[in-house]
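Accompanying notes for the structure given below.
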Amino acid sequence: AEELVSGPDKGVELDNILRSIRCSVSGIVNGMDTQEWNPLTDKYIDYHYDITTVMDAKPLLKEALQAAVGLPVDRSIPLIGFIGRLEEQKGSDILVAALDKFIGMNVQVVILGTGKKKFEKRIEQLELLYPDKA
């Protein structure tokens, strides 16, 4: 939580408000619940796996994701994924700049997130320009 009040680049426009009201701030550390999102028991995936079966499940899960988001299903195409808030703090500016450079290659991209409209709009444009890739 201290990161939020450390400056505009970290507080993402919230730092001034928090400093002005001088309230105590607490936060939840980034991470995930490894029990809820356990790949052996995850109710949201069709193929369950552990360390010994991950390499068998990975291509099946990739194909399921490709199909679910409307991309051509092809194990040989590299699939790049991003899940996060579309803000500079999370590297979305770097992601969007990089997408312009490699989207023309033989890759597919899946992005899940919301945030700054300029990033959302650029990602939506890429989806329209490259429907088989994004």
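The values are calculated or read from the model by the stated rules, or taken from the named source; none is laboratory data. Just so it is clear, the model here is predicted, and its values are computed rather than measured. All Cβ positions, glycine included, derive from the backbone under ideal geometry; neighbour counts span all protein chains shown.
Filtered by the rule that a residue be surrounded by 13 or more Cβ atoms within 10 Å (Cβ to Cβ), at pLDDT 90 or above and not in a helix (DSSP H, G or I), region 95-109 gives 107, 108, 109.
Look at residue 50 and say whether it is free of Cβ contacts under 8 Å to residues at least 60 places away in the same chain, under 29 Å from residue 35 (Cβ atoms) and not in a helix (DSSP H, G or I). It is true that residue 50 is free of Cβ contacts under 8 Å to residues at least 60 places away in the same chain, under 29 Å from residue 35 (Cβ atoms) and not in a helix (DSSP H, G or I).
Per-residue answers, yes or no, for (1) more than 25 Å from residue 30 (Cβ to Cβ); (2) in contact with a Leu (Cβ under 6 Å, 6 or more places away or on another chain); (3) of a type in the set (A, V, I, L, M, F, W, C):
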site: 51; (1), (2), (3): no, no, yes
site: 56; (1), (2), (3): yes, no, no
site: 73; (1), (2), (3): yes, no, yes
site: 92; (1), (2), (3): no, yes, no
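Among the residues of region 53-84, count how many are of a type in the set (D, E, K, R), exposed (fewer than 12 other Cβ atoms within 10 Å of the Cβ) and part of a helix (DSSP H, G or I).
Going residue by residue through region 53-84, those that are of a type in the set (D, E, K, R) are 56, 58, 62-63, 74-75.
Filter again for exposed (fewer than 12 other Cβ atoms within 10 Å of the Cβ), leaving 56, 75.
Filter once more, so that each one left must be part of a helix (DSSP H, G or I): 56.
Qualifying residue count, region 53-84: 1.
Can you pull out the residues in region 110-134 that are assigned to a strand (DSSP E or B) and at negative phi? Spell out how you get there, then give the answer.
In the first step, residues of region 110-134 are kept if they are assigned to a strand (DSSP E or B); the result is 110-112, 115.
Listed by number, the residues that qualify are 110, 111, 112.
If only residues of region 87-99 that are closer than 18 Å to residue 129 by Cβ and touching a residue at least 12 places away in the same chain (Cβ under 8 Å) are counted, the one that is nearest to the chain's Cα centre (by Cα) is 95.
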